[in-house]
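Everything on this sheet refers to the single structure shown next.
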Amino acid sequence: MSGPGSPPSVVSRRQLKRAVRSRLLPWFAKHRRDLPWRRRRTPYRVWIAESMLVQTRVDQVIAYYRRFMKRLPSVRALADAPLDDVLKQWEGLGYYARARNLHKAARHIVTRYNGRFPRDYESIQALPGIGPYMAAAIASLAFNQDHAVLDGNVIRVLSRLTAYEGDTSKGTAKRELQTLAQDLLIEGEAGAYNEAMMELGALICTPRQPKCAVCPMQRVCAAYGKGEATLYPRPRPRRAVPHKEVGAAVVVNRKGQVLIAQRLDNAMLGGLWEFPGGTQEPDETMAECVARELKEELGITIEVGDRLMIVKHAYSHFTIALHVYMARIRKGRPRPIHCADYRWCNIEDLADFAFSRADLHVVERLRSISIKA
Ligand code: SF4
């Protein structure tokens, strides 16, 4: 590794690797959390857990993981399940493309590998939705192959251990840190090594208040040596997050049922159900936006009533304010024009459908009020 993003030569890689073996691994053996996916390791269990853990906290994942495993305990069960069931298990976790890819990859494993998870890194990485991180996690944790993982926790730990100056959002930096992670890997103990690095980042070397006083790597840590632990990784330039104003309608029919629509497969949140609507255009009121969207999406003319609520929600790349209105049909019958499907649904049956987190707030509100037919 060389150039402006290189770690200083305060501590050599050999010293770091020695510390990984003599300090980090024993620390991990003693302090590792007892998590459900760490018991009875199989590639399937690693795959599901790691897919859920991307951008999501461990304490949130545990209940999802248990529920998913109970319902879909094997590759074959996942492959045989309708996509709607898989999305329902994933409901509220976000990043729904992961759930769709799990389903697709499970079907691929059944048809191509007769339901047995492939063992070699290249075949694992060739599965739909599996990138270098996931392939390394499965290869190392399930098959103990010598592949180092690089996730947010590991990037932070390595950046601090070496006082790494590069911009860790850039591909060059990620490649350099990946090489470093691989160099420090203890051969034959890849699973423990990867988990120890991630666990150190999750429990000790945390973003804002690292617990350097109890860190097993303190003696070899360059950032700690400089008294600058929290200054690494170097902050990246902040980009303004786009914001969208979005309108949606809860259309009620004479039976007191509400209209829900299923998003197109190739759209963001594809396959999920929602209260129909869309993004406000310039020069239109929110009520006009909702009426236009329902015409375009379902071919109906609606009368927009009172506003029910506003839901604020942050996705990974933008934020929304979802303005939800009560509405009735004035003309027409719903047809799935710009959506995959639609249903009239009793409030108590909404639980059978998978909604995004923003729409789940609407479902919750509807359960708490009485809807007049
Ligand atoms: S000494 Fe502090 S900064 Fe360095 S690895 Fe440990 S917790 Fe992180």
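Rule-based calculations on the coordinates, nothing more; no lab input. Computed from a predicted model, the values in this text were never measured in an experiment. Please note: Cβ atoms are built from the backbone with ideal geometry, for glycine as well, and neighbour counts cover all protein chains shown.
Quick notes
- All other residues whose Cβ lies under 10 angstrom from that of PRO43 are scored, Lys and Arg at +1 and Asp and Glu at -1, for a net of +4.
- Selection from PHE28, ASN101, ILE260 lying farthest towards where the dipole of the chain points positive, charges on Cβ: PHE28
- The Rg/Rh ratio for segment 1-148 is 1.04, where Rg is the radius of gyration of the alpha carbons and Rh is the Kirkwood radius.
- ³J(HN,Hα), Karplus 6.51/-1.76/1.60, whole Hz, each residue of segment 94-100, x for Gly, Pro: x, 6, 5, 4, 4, 5, 5
- Proximal charge balance of CYS339 [Cβ under 14 Å; K/R count +1, D/E count -1]: -3
- Using alpha-carbon coordinates, inclination of helix 190-203 to the longest axis of the chain, degrees: 70
- For segment 243-368, dividing the convex hull volume of the Cα atoms by the residue count gives 101 Å³ per residue.
- Per-selection Kirkwood Rh - the chain (Cα, Å, 1 d.p.): 23.2
- Rounded to the nearest 20 debye, dipole of the chain from Cβ charges on Lys, Arg, Asp, Glu: 1120
- Think of each Lys and Arg Cβ as +1 and each Asp and Glu Cβ as -1; about the Cα centre, that makes the dipole of segment 13-231 roughly 520 debye.
- Burial ranking of peptide ranges 314-321, 355-362, 147-154, 183-190 (average Cβ count within 10 Å, highest at the top): 147-154, 355-362, 183-190, 314-321
- In order along segment 356-361, the Karplus-derived 3J(HN,Hα) couplings, from 6.51 cos²θ - 1.76 cosθ + 1.60 at θ = phi - 60°, round to 6, 4, 4, 5, 4, 5 Hz, and Gly and Pro are given as x.
- The value obtained for segment 93-251, namely the Cα convex hull volume divided by the number of residues, is 165 Å³ per residue.
- For the chain, with +1 on Lys and Arg beta carbons and -1 on Asp and Glu, the positive-most of LEU308, THR162, GLY277 along the dipole: THR162
- Of ILE320, ILE124, LEU16, farthest towards positive along the dipole that unit charges on Lys, Arg, Asp, Glu beta carbons give the chain: LEU16
- Here the 3J(HN,Hα) profile of segment 104-118, calculated from phi with Karplus coefficients 6.51, -1.76 and 1.60 at θ = phi - 60°, is 5, 5, 4, 5, 5, 5, 5, 6, 8, 10, 6, x, 9, 4, x Hz, Gly and Pro shown as x.
- Evaluated with a Cβ-only charge set (Lys, Arg +1; Asp, Glu -1), segment 243-368 carries a dipole of roughly 380 debye about its Cα centre, given to the nearest 20.
- Under 5 Å, built H, 5+ apart or other chain: amide partners of LYS244: THR319, ILE320, ALA321
- Partners for LYS70 among lysines (Cα-Cα distance below 21 Å; same-chain residues under 8 apart left out): LYS88, LYS104
- Inter-centroid distance (Cα atoms) of segment 327-373 relative to segment 238-257, Å: 11
- Taking every DSSP beta bridge that has both ends in the chain, the antiparallel portion is near 70%.
- Each of the peptides 42-54, 231-243 was scored by the mean count of other Cβ atoms within 10 Å over its residues; in descending order, highest first, they stand as 42-54, 231-243.
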